[in-house]
């Protein structure tokens, strides 16, 4: 493998590869060699072994190289180079502004969004906007439109609407780029109007977007991938506004056009197929639970699109667009399948050594939830206590954006208190001392009471959005359910000391809404919810719960004298 | 799903007169010459094997193509699973219709061959080499051609049409109009009409610009601005399950 020595050589290599991408098998060996050389060059840049050039014009060239890497499907190298570019730009600006050009930041923000890193994209675009205001450039409308699109993707429609309107108002149509900016801003307004359910808004947005599409097609031609994507979105919105067979046929016809223009694996073709399938599913009353040949075929078509998104180098398993498709597919399947006919489908199994991935997946689920989070847990510390550094922040963010959080945790007075540890000087738990043992235990003082305090504080901050209930029944594991996914971690032990604050000690399964596990977990949650006490009820009846525990301990006295228990061969109840 | 769901057969007064390519639930292509001049002029209603009426929307002799609208009569079937693609030089193909016991297969020689070069209309076609010499190449006209890889659903490239010019001699050369070219021709026809009641294919010519090929590839990718995502319908507006209280 020839080593790439500098940026210009890297760009030249990548450009040659892009130009010869479709030249067939005879170039495959040299393509692999060039890919390896590019990846190695990016690795050396990251490690400081290849020279880095700091001038703004050179930064623009690095950005160009990121684009080329993306176009070549080298997404890992593209992400690494984006990281390195941003990191060095930020470090260069410790003392003063070096990169005044907002287009540099805007471009990097777009590339981050392209790679699915939306939170960082928004931050970088905000930086672009600050620079654009400071140095009064023409870049402002483009940055605003990008901020609108990213905000919408981040689930912030209010901000998206503000950015999009402002972008529209700032357009001067002095540059070709303004046509693309208008298309982006108008598309955001169209998506917002579709979500609003307001017919008047939708018709106005469709008309305006149709004009934007026509302008873009005039400039770039109808086969430009953006034009095709926009025409698909327009056709779907027209069907929303007027659900006629003609409008559905138009969408179907366009889907064929996109396939032959761009190929089956292209990102826009995948989205076109998903759009058509989702529209067809709704048209055939899939959301009303109609399982017929049309809705079944629509689900199959949507599943094909989702599979292609997962396999696509432009999207892939971790891209937010892929997650949206997976969630929609699960919803579609669940809508036309009775709960007891859903398959026991597991999305992923996390073993103890995959604790970080498990927590990341849960964080993502909490971040993406738009309406209600449900939790059954022994103690709930990971969700209520900031010090655990797990999900408290995500829960708070969710509550702040209007999501409901319903939680069931175990009562400290249920029969598992029998496992309460005691020091050598004191008596093991019995009907006389058990309540005092619990009240002086670390789990009660460091977990249960702080969780309740945290709950009360959150309830004050977000009234009506959070409810904690306490169950006297044993819970078989921890269950987290969002609108789209579920997680279940079974407890392998009845000993509460080995259930909480211990990381993962068994395994955890993740499943989507189209799994029987989701339906069963939801049913279990509802049962626990109904059979548990609200915090007020629990407070009022605590003495009864304590008395019940004392009575239980009395009944366990005969067990305690068994030799195996006395020898400590099993944990002492 | 039927493997050959993209293949249709057209009947006039109970007699099979042509086969064709279904490109959507309500649209199909066939070879114009198979219908005959009288049918193209009078545009009688044709029927599919299952009795679905097929109306001739547009027939074009230079391209040997006709576009049909299928009348579904309120019984919209499921979405087709057929994939459509663009054929490359050297790619292997097979005809969906089998006239002989042995299926017709071959190789794409030229994906962008001139099929008709008139003052008002230029038509491009896939120039194909057949594995065997055909006594009457027109006999296969109207058959879809598809990729030979054993994939289900198949990827369909286009529709076999009559030989270029007036030739009907035996030959191992055949021509097919690609789906992409058919959509372009149809769009051109539609643009010439005073109103546009029928669906629109994708056309529009890019302005000539000075870009390198790599530059053009990146420009087409459009990395300069954030690509809007496909978004879901608000679940509260469509779920069949009752609103949940907890």
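Of B:114, B:191, all but one fail to be surrounded by fewer than 14 Cβ atoms within 10 Å (Cβ to Cβ) and modelled with pLDDT under 80; the exception is B:191.
Filtering segment A:472-482 to residues that are farther than 18 Å from residue A:370 by Cα and at pLDDT 95 or above leaves only A:479. Can you tell which of A:460, A:482 is within 14 Å of chain B (Cβ to nearest Cβ) and more than 30 Å from residue A:553 (Cα to Cα)? Only one candidate passes the filter, namely A:482.
Need the failing condition index for residue A:195 against (1) over 22 Å from the mean Cα position of the chain (by Cα); (2) surrounded by fewer than 24 Cβ atoms within 10 Å (Cβ to Cβ), just the number. Condition not satisfied by residue A:195: (1).
Within the span defined as segment B:76-84, one or more residues are in contact with a strand residue (DSSP E or B) (Cβ under 7 Å, 6 or more places away or on another chain) and either over 21 Å from residue A:245 (Cβ atoms) or surrounded by fewer than 20 Cβ atoms within 10 Å (Cβ to Cβ) (or both). When A:41, A:62 are checked against the criterion of being over 28 Å from the mean Cα position of the chain (by Cα), away from chain B (no Cβ under 13 Å) and under 18 Å from residue B:221 (Cα atoms), a single residue qualifies: A:62. Selection within segment B:130-160: residues that are buried (at least 17 other Cβ atoms within 10 Å of the Cβ) and in a loop (DSSP other than H, G, I, E, B). The member of this set that is modelled with the lowest pLDDT is B:153. Selection of helices (runs of 4 or more DSSP H) fully inside segment A:127-208 by the criterion of at least 3 residues being over 26 Å from residue A:243 (Cα atoms) and within 10 Å of chain B (Cβ to nearest Cβ) returns A:140-153, A:176-196. In the same structural domain as residue B:24 (by TED's automatic domain parsing), in contact with a strand residue (DSSP E or B) (Cβ under 6 Å, 6 or more places away or on another chain) and at pLDDT 90 or above, is that true of residue B:63? Yes: the conditions hold for residue B:63. Residues in segment A:371-386 that are within 14 Å of chain B (Cβ to nearest Cβ) and either more than 26 Å from residue A:156 (Cα to Cα) or assigned to a strand (DSSP E or B) (or both): A:372, A:373, A:374, A:375, A:376. The sole residue among A:228, A:325, A:251 that is closer than 15 Å to residue B:80 by Cα, at the interface with chain B (Cβ under 9 Å from one of its Cβ atoms) and either assigned to a helix (DSSP H, G or I) or touching a residue at least 60 places away in the same chain (Cβ under 8 Å) (or both) is A:251. Restricting attention to segment A:97-122, and to residues there that are under 16 Å from residue A:322 (Cα atoms) and facing chain B (nearest Cβ under 8 Å), which single residue is surrounded by the most Cβ atoms within 10 Å (Cβ to Cβ)? Filtering first and then ranking leaves A:113.
Would you please name the residue that is farthest from the chain's Cα centre (by Cα), looking only at residues in segment A:387-410 that are within 14 Å of chain B (Cβ to nearest Cβ) and part of a strand (DSSP E or B)?
Ranking the candidates gives A:408 first.
Got a sec? Which of B:72, B:79 is closer than 24 Å to residue B:11 by Cα and modelled with pLDDT of 90 or more?
Details: B:72 fails: modelled with pLDDT of 90 or more.
Testing whether each residue is closer than 24 Å to residue B:11 by Cα and modelled with pLDDT of 90 or more leaves just B:79.
Scanning segment B:85-105 for residues that are surrounded by 15 or more Cβ atoms within 10 Å (Cβ to Cβ) and touching a helix residue (DSSP H, G or I) at 6+ places or on another chain (Cβ under 9 Å) yields a total of 5. Within the option set A:365, A:377, A:417, being crowded, with 20+ Cβ neighbours inside 10 Å, over 16 Å from residue A:450 (Cβ atoms), touching a strand residue (DSSP E or B) at 6+ places or on another chain (Cβ under 7 Å) and at pLDDT below 95 holds for one residue only, A:365. How many of the residues in segment A:273-295 are within 7 Å of another protein chain (Cβ to nearest Cβ) and either part of a loop (DSSP other than H, G, I, E, B) or over 23 Å from residue A:257 (Cβ atoms) (or both)? Residues that pass the stated criteria total 4. Checking every residue in segment A:4-17 against the condition of being assigned to a helix (DSSP H, G or I), modelled with pLDDT of 90 or more and away from chain B (no Cβ under 14 Å) gives at least one match.
How about segment A:65-84: which of its residues are surrounded by fewer than 21 Cβ atoms within 10 Å (Cβ to Cβ) and assigned to a helix (DSSP H, G or I)? The answer is A:75, A:76, A:79, A:80, A:83, A:84.
Of the residues making up segment A:259-272, just one is at the interface with chain B (Cβ under 7 Å from one of its Cβ atoms) and under 14 Å from residue A:322 (Cβ atoms), namely A:271.
The values are calculated or read from the model by the stated rules, or taken from the named source; none is laboratory data. All figures in this text were calculated on a predicted structure; none of them were measured in a lab. Positions of Cβ are backbone-derived with ideal geometry, glycine not excepted, and every protein chain shown enters the neighbour counts.
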